[in-house]
Every structure is written in structure tokens, then in C-alpha cells.
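Down below is the structure, laid out as C-alpha cells.
The values are calculated or read from the model by the stated rules, or taken from the named source; none is laboratory data. These numbers come from a predicted model, not from an experiment. Positions of Cβ are backbone-derived with ideal geometry, glycine not excepted, and every protein chain shown enters the neighbour counts.
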Amino acid sequence: MNHEELKQQYTQDELLHPEGKPWEWWEITLTKDKWESLRQHPVWLSGFYYRRKSTAPNWEEELSPKEVAECDDLQEVTKCDHKELQQQYTQDELLHPEGKPWEWWEVAGMKDDWVPMSSEFMYFGEDLDYRRKPTAPNWDEELSPKEVAECDDWPEGYYFDGTCIRLEDNDAPRDWYVWERGRFNEDNEKDIEELEGSKQILLNHLKKRREAALATYGNAEDNPLSQRQQQATKDLQGVTKRDHKVFPEDDAERAKYPIGTLITEYFPNALAALAKHSWESNEKHNPGEPVHWAKDKSIGNIDRVFRHLIDGEKIHAAWRILELIERDITE
């Protein structure tokens with residue numbers, strides 16, 4: 001019985017098994033009726049049958065924590081330029097009636113994996129994709145109730161009565177409205193062509209106001225909306241910026257840092273609990289902001305560690321110990 005193809009599969013498993021025990025993914029039998037797990041490297045006897053277990057990783061679809069930890073030539077993730085999207089978001093921020101433009105946006109970390117934005121502090125990360133929801137207003141055809149309420153220089157003949165935009169009509173016993181509560185009056189008995197003309201006059205007028213507002217939006221001294229967005233970007237850039245390299249340059253030395261194995265094989269549950277604790281702390285101390293370490297808000301020490309331990313708060317203590325280690329290394 002020729003086992004050459006199986007040997008090649010086994011060799012690949014030997015390279016990728018996180019603990020160097022590929023036999024854990026294999027089984028053996030003599031009669032094909034009862035398969036038993038291998039307990040060591042196979043000797044590939046001609047009278048025996050071998051196969052990978054059904055629970056063994058599929059390397060066509062999966063990555064090994066070992067190879068990920070040892071890889072030192074990963075290609076840089078494609079980074080996106082979001083300037084045009086940022087302009088659209090800025091316009092939404094100016095026009096949203098409640099100041100919550102993120103309600104009209106979605107974000108994706110992977111292709112087609114879109115989720116609603118949920119943060120007031122919109123940060124356009126280079127490694128993420130963003131888009132407006134299909135239900136978001138089309139500002140080429142619509143007016144925002146917010147901008148209508150704030151407008152104080154209507155075109156001649158038009159005025160806003162607090163509810164409707166009306167057009168003075170000298171040929172009728174009363175004025176007729178063109179726009180009300182977010183929609184143009186398409187059911188009015190006035191001539192459709194005249195209505196379309198009024199609609200375009202209003203759109204053009206308010207578009208000029210939008211352009212003027214957007215032109216001054218970047219001036220953080222005058223615009224609180226810009227201040228928030230710029231501060232959020234600055235904070236997150238500070239979180240992601242590193243002043244030192246985490247791993248050494250030398251390949252042999254880099255191999256001594258099996259970080260993927262540490263996470264997946266040593267303490268996956270403990271580290272998951274620490275990640276949850278980080279999220280909860282961020283919600284408490286930085287509500288509404290993306291998860292990040294606000295280093296200057298709370299500085300730990302060994303006394304804090306022991307107080308947490310005495311109170312039975314092991315996760316809090318572990319987080320503080322990691323903080324002390326990180327500060328020792330970086331500061």
C-alpha cells in the first residue's frame with residue numbers, strides 16, 4: 001500500500017501543529033472497521049490504513065497559530081483613502097436632525113460583512129470600509145429639516161412658517177406649500193412643472209449654504225462638530241501609534257515569541273476575560289469612544305494589584321499587572 005500522498009499531508013501537519021504533535025490529528029486501522037488514534041509518529045506500515053481525523057484542520061481554509069506567529073513577511077493590509085467618504089460624513093453630521101450621522105452609516109472589517117455604525121466618534125480607520133446605508137437621505141434631492149429650520153435667507157417669494165416652506169402666490173387666495181416635514185409636496189394641484197422649478201430653486205439655494213458650512217467645518221476653533229471628530233481621530237491615532245517595535249528584527253529571535261500559541265493554546269479563556277474587562281472599562285471611562293487604553297486617566301501600581309487580589313478581583317489584578325509590564329517595557 002502506497003502512502004506517499006498521506007505522508008505529504010502528515011509532513012504539512014507536522015510543520016503546522018502548534019505543539020509539534022501532528023499524530024493527534026491522525027488515526028490508524030488494519031481492517032477499516034475500527035479506527036484508533038495515533039499516539040506517535042506513524043511508521044507507515046504497508047498493511048495498515050491511515051487517515052486524518054474529521055476534526056483535523058482544513059489548511060485550504062484555516063491558518064495555523066504556529067505559522068502565524070512565525071511569519072515575518074506578512075503583506076501589508078491594503079489601506080483605504082476615505083477622504084471622499086469623510087466629506088459625505090461631515091455633510092451628514094451637519095444635516096442630521098439629531099446630530100447622529102452614524103445612524104446613516106455602516107462599517108465592514110471584511111468584505112460584505114457590514115454592520116451599523118454605533119459610535120458618535122466616527123474614526124475612518126485605514127483598514128476598514130465604510131458606506132452610507134441605502135436608506136440614508138439623498139441630499140441631491142432632499143432637504144434636511146435641520147437646515148430648513150436654521151435657514152434665515154430664503155429666495156425671494158419663499159418663506160418658512162415653522163412647519164412648511166411656502167411660496168407666495170399672487171394668483172391664489174392663499175399661499176401653497178412646497179415642502180413639509182422632510183418631503184416635497186408632489187400632490188399639489190399646481191402645475192407639476194412649476195412645482196419642479198420651485199423644488200430646484202430650494203435645492204440650489206440650500207446646497208450653496210451647505211458648501212459654505214462645509215468650507216468652514218475644518219476650522220476646529222469655530223466648529224464644535226469638527227473639534228469632536230478631530231479629537232477622536234487624534235486619540236485613536238495615538239492608541240495605534242507605536243514608538244518601538246514589539247518583536248526583534250532577527251528571524252531566529254522572532255521565532256522565540258510564539259504569541260499566537262500563547263493566545264490560543266495557553267490562556268485563551270483568561271485573555272478573553274481580559275478583553276471583555278477592557279471593553280467594560282472603556283465604556284465606563286470613555287463612553288461612546290472606540291476601545292482604547294487612555295493611559296493618562298489611570299496609572300496603576302503594585303498596591304492596586306494587591307488590593308484587587310485581596311478583594312477577589314483577579315481579572316482586574318491581571319489587567320493591572322499587564323499594564324505595569326507594558327509600561328516597564330515601553331517607558
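Would you please list the contacts, defined by Cβ atoms under 7 Å and residues six or more apart or on different chains, that run from a residue in the range 289-307 that is closer than 14 Å to Trp319 by Cβ to a residue that is modelled with pLDDT under 80 and part of a loop (DSSP other than H, G, I, E, B)?
Between residues of the range 289-307 that are closer than 14 Å to Trp319 by Cβ and residues that are modelled with pLDDT under 80 and part of a loop (DSSP other than H, G, I, E, B), the close pairs are Ala294/Asn286.
Within the range 248-261, how many residues turn out to be within 22 Å of Asp328 (Cβ to Cβ) and free of Cβ contacts under 8 Å to residues at least 60 places away in the same chain?
4
Considering (1) of a type in the set (Lys, Arg); (2) touching a residue at least 12 places away in the same chain (Cβ under 8 Å); (3) surrounded by fewer than 14 Cβ atoms within 10 Å (Cβ to Cβ), say which one Lys276 fails and leave the rest.
(2)
Confirm whether Lys245 is out of contact with any Pro (no Cβ under 6 Å at 6 or more places or on another chain), closer than 30 Å to Asp72 by Cα and either modelled with pLDDT of 65 or more or surrounded by 12 or more Cβ atoms within 10 Å (Cβ to Cβ) (or both).
When the stated conditions are applied, Lys245 passes them.
Tell me, yes or no, whether the range 31-39 has at least one residue that is touching a residue at least 12 places away in the same chain (Cβ under 8 Å) and touching a Leu at 6+ places or on another chain (Cβ under 7 Å).
No, every residue in the range 31-39 fails to be touching a residue at least 12 places away in the same chain (Cβ under 8 Å) and touching a Leu at 6+ places or on another chain (Cβ under 7 Å).
Looking at the structure I just gave you, is Lys314 out of contact with any strand residue (DSSP E or B) (no Cβ under 7 Å at 6 or more places or on another chain), surrounded by 12 or more Cβ atoms within 10 Å (Cβ to Cβ), under 19 Å from Asn269 (Cβ atoms) and without any contact (Cβ under 8 Å) to a residue 40 or more places away in the chain?
yes
Consider Ser144 carefully, then state whether it is among the small types (Gly, Ala, Ser) and at pLDDT 85 or above.
Against the criterion (among the small types (Gly, Ala, Ser) and at pLDDT 85 or above), Ser144 qualifies.
If I ask for residues that are farther than 24 Å from Gln87 by Cα, hydroxyl-bearing (Ser, Thr, Tyr) and crowded, with 16+ Cβ neighbours inside 10 Å, which ones from the range 139-171 would you list?
Tyr158
Would you confirm whether or not the range 201-215 contains a residue that is over 25 Å from Tyr89 (Cβ atoms) and at pLDDT 75 or above?
yes
Here are some conditions: (1) part of a loop (DSSP other than H, G, I, E, B); (2) closer than 28 Å to Leu262 by Cα; (3) modelled with pLDDT under 90. Asn58 meets all but one. Which one does it not meet?
Result: Asn58 fails condition (3) only.
Does the range 1-49 hold any residues that are among the β-branched types (Val, Ile, Thr) and either modelled with pLDDT under 90 or under 25 Å from Ala69 (Cα atoms) (or both), and which are they?
Result: Thr11, Thr31, Val43.
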